[in-house]
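The values are calculated or read from the model by the stated rules, or taken from the named source; none is laboratory data. Remember, it's a predicted structure, so these values are computed and weren't measured experimentally. Quick reminder, even Gly has a Cβ in these numbers, built from the backbone with ideal geometry, and neighbours come from all protein chains shown. Quick note on the areas: whole protein, heavy atoms, side chains included, nothing else; ligands and nucleic acids left out. Shrake-Rupley method; radii C 1.70, N 1.55, O 1.52, S 1.80 Å.
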Amino acid sequence: MTSLQPTGYYSRLFQEPSEPLAPKQENDLIKLGQAMRYDIEREGTLTPRVGYTYFAQFVGHDLTHDTTPLAGARKDPELTLNYRTPYLDLGHVYGGGPRNSPNLYKGEPGAEVFKIGATTPGAYKRDLSFENGVLLIGDQEDTRNLDNLILRQLHVVFLKFHNEAVKQLCARPPLVTGIESFDSGTIFERAQRLVRWHYQWIVRHDFLPRILHTGVWAHQNQFRLRGQSQTRFSIPIEFSLAAFRFGHSMVRNAYGLNCRQKRVELPELMRRGQSLSPLPDDFIIEWGRFFDGLPASGPVASSSYLDTSIAASLHGLSLSTVRLSSPMEYTVEPASLPVRTLIRGARARLPSGQEVADALLEQGIIKPQDRLTSAQLTEDTSNHSGNVLREVGLDRNTPLFYYLLKESEIIASGETLGPIGSYIIANVIQGALEADPDSYMSVAGPKWKLPLWRFPSGSKRSVNSLIGIIQLIGDNQLLPECDAHWRRFLLKPFS
């Protein structure tokens with residue numbers, strides 16, 4: 001296995017704050033972060049399905065990895081190392097490739113596939129592989145996709161997608177068609193390109209429309225944020241430390257996994273994800289409960305609202321969870337994820353929400369009514385954090401992380417991001433795709449036509465969603481008794 005190596009640094013989209021928060025104000029941030037919670041489970045029927053909560057985490061892990069301990073957070077992003085490339089290249093899946101991460105792979109040279117592990121005792125190929133007591137996942141020094149069981153199994157979905165690409169490319173003639181631009185390189189390299197391009201396309205066309213504010217999604221290509229150089233693209237801290245942490249609010253206290261595990265609480269999901277042993281059959285993810293359009297023995301669930309409330313379990317992180325991101329962290333205190341996010345943002349000197357809003361107003365990107373007022377920011381809609389924001393005097397110098405969640409809560413009713421958060425995310429994702437010389441955007445252009453794949457049913461169609469990947473690799477199969485539940489439901493007459 002290769003050692004984790006930095007690929008570059010971070011950057012800024014906006015100016016440093018004119019009134020940076022002083023160290024003595026961190027007690028105010030602790031009060032605010034502790035108030036960002038709900039104890040009664042909430043979900044929105046029009047929020048994204050719960051699977052997209054963890055796909056967002058998967059994407060975030062692909063673009064950014066700052067290993068700096070909280071105590072060592074830097075105010076200069078240009079001096080803060082990013083241990084991931086700023087591209088959507090699945091570096092956390094492929095590791096160093098067969099040459100530098102050989103333990104991840106097996107098969108003929110030039111046509112390598114990932115090793116896939118089996119669950120116990122049913123030996124379903126739905127887990128990471130183990131070798132000599134070591135769990136094989138990307139680079140052994142970046143194991144963040146073990147954060148929870150859902151993310152761990154989503155990682156396996158992409159391993160199997162690569163293996164299916166190799167299989168279909170190796171067939172004579174190839175089973176996947178419409179790949180004339182993929183005629184160079186080894187089978188492995190062509191399969192990797194196919195998987196990366198589909199992943200990039202899915203991020204842009206399946207994921208972003210579900211989380212972006214509708215006005216931003218409709219006009220996202222008409223605006224470009226100033227301050228980013230296309231020749232030296234890097235991930236801005238306004239994205240990595242604030243805007244793309246919106247998924248924290250989408251996390252639910254518990255999830256139904258399958259007909260055996262109808263309610264598994266978040267701490268158990270995190271413990272199972274980080275377990276250094278094969279997953280039991282009982283914990284196989286039934287993806288139809290996480291995404292629409294797949295068989296399921298129970299109802300599909302929506303995420304929690306995108307707002308200033310964070311699930312109770314995320315206010316009490318374990319040290320093992322914290323160390324997945326920052327291996328040098330020596331203490332879990334503070335154990336609250338929103339508190340840690342607020343403090344890190346302050347130490348990195350993120351601009352306030354108001355300063356970002358003013359900058360976007362000046363550029364003509366948002367409208368005056370999109371800028372939150374002090375009254376809106378201090379309104380208690382989902383918890384008491386608005387009142388705390390007023391008490392600690394941050395309603396006119398509001399931490400960007402809090403501001404962006406509050407604008408989602410107020411302007412978008414918690415169903416999507418608000419306009420400012422949407423613009424930051426849309427532009428950074430678009431910038432990453434345009435700056436990557438090997439992306440589908442750079443090589444084939446934005447109108448790249450998706451290839452046709454041979455599905456297990458024998459049909460041929462494109463893979464244009466996460467659902468399509470799951471169907472292609474056969475991970476829409478249910479446990480036997482769960483399948484029986486599902487079929488009884490299908491046959492049940494309507495009353």
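The calculated P(r) of region 279-366, using every Cα pair and 10 Å bins from 0, goes 13, 23, 29, 25, 10, 1 in percent.
T373 exposes around 70 Å² of accessible area when a 1.4 Å probe is run over every protein chain in place. Using the alpha-carbon atoms, what tilt in degrees (0 to 90, nearest 10) does helix 337-347 show relative to the longest principal axis of the chain? Once rounded, one gets 60 degrees. When all protein chains stay in place and ligands, DNA and RNA are ignored, the 1.4 Å accessible-area order of R461, R271, largest first, is R271, R461. Here region 218-375 is treated as an ellipsoid with the same Cα gyration tensor; its semi-axes, largest first and in whole Å, are 35, 22, 16. Only helical runs count toward this figure. For the chain, summing -39,500 (n - 2.57) over DSSP H runs of n ≥ 4 and dividing by all residues gives -10500 deg cm²/dmol at 222 nm.
Within straight-line reach of K31, meaning a Cα separation under 26 Å, sit the following lysines at least 8 residues removed in sequence or on another chain: K75, K406. Among rounded, prolate and oblate, which fits region 282-324 when a ≥ b ≥ c are the square roots of the eigenvalues of its C-alpha gyration tensor, a/c under 1.5 means rounded, and a/b larger than b/c means prolate? Note, shape of region 282-324 comes out oblate. Is region 384-495 best put as rounded, prolate or oblate by its Cα gyration tensor, with a ≥ b ≥ c the root eigenvalues, rounded for a/c under 1.5, and otherwise prolate when a/b is larger than b/c, oblate when not? The shape class here is oblate. No disulfide-compatible partner, judged by a Cβ distance under 4.7 Å, exists for the following cysteines of the chain: C170.
Largest to smallest in accessible area, the residues T381, T321 fall in the order T381, T321 (1.4 Å probe, all protein chains included).
At q = 0.14, 0.21 Å⁻¹ the log10 of I(q)/I(0) for region 1-152 amounts to -0.96, -1.38, computed by Debye summation with a single uniform scatterer per C-alpha, solvent ignored. Listed values for region 409-422 are Karplus-derived 3J(HN,Hα) couplings in whole Hz (6.51 cos²θ - 1.76 cosθ + 1.60, θ = phi - 60°), namely 4, 8, 7, 10, 6, x, 8, 9, 5, x, x, 6, x, 5, and x replaces Gly and Pro. Classify region 128-280 from the C-alpha gyration tensor, please: rounded if a/c falls under 1.5, else prolate or oblate depending on whether a/b exceeds b/c. Oblate.
The mean sequence distance of close C-alpha pairs (under 8 Å, at least 6 residues apart), as a share of the length of the chain, puts its relative contact order at 25 percent. Taking the longest Cα principal axis of the chain as reference, the axis of helix 26-35 is set at about 60 degrees. Between the helical axis of 50-63 and the longest alpha-carbon principal axis of the chain there is an angle of about 80 degrees. Measuring between their Cα centroids, region 330-398 and region 73-102 lie 29 Å from each other. Put simply, the C-alpha atoms of the chain give a gyration tensor, and the ellipsoid matching it has half-axes of 36, 26, 23 Å, longest first.
Using a probe of 1.4 angstrom and keeping all protein chains present, the accessible surface of region 313-425 works out to 36 square angstrom per residue. Taking the Cα centroid of region 110-150 and of region 404-445, what is the distance between the two, rounded to the nearest whole Å? Answer, in whole Å: 30.
Ordered from highest to lowest accessible area with the whole protein assembly present and a 1.4 Å probe, S302, S459 read as S459, S302.
Note on region 336-429: percent of Cα-Cα distances in each 10 Å bin, starting at 0 and stopping at the bin with the largest distance, equals 16, 51, 30, 2. A compact globular protein would have a Cα radius of gyration near 2.2 N^0.38 Å; the ratio found for region 16-59 is 1.78.
Could you state the number of Å between the C-alpha centres of region 449-482 and region 306-329? Each part reduced to its Cα centre gives a spacing of 33 Å.
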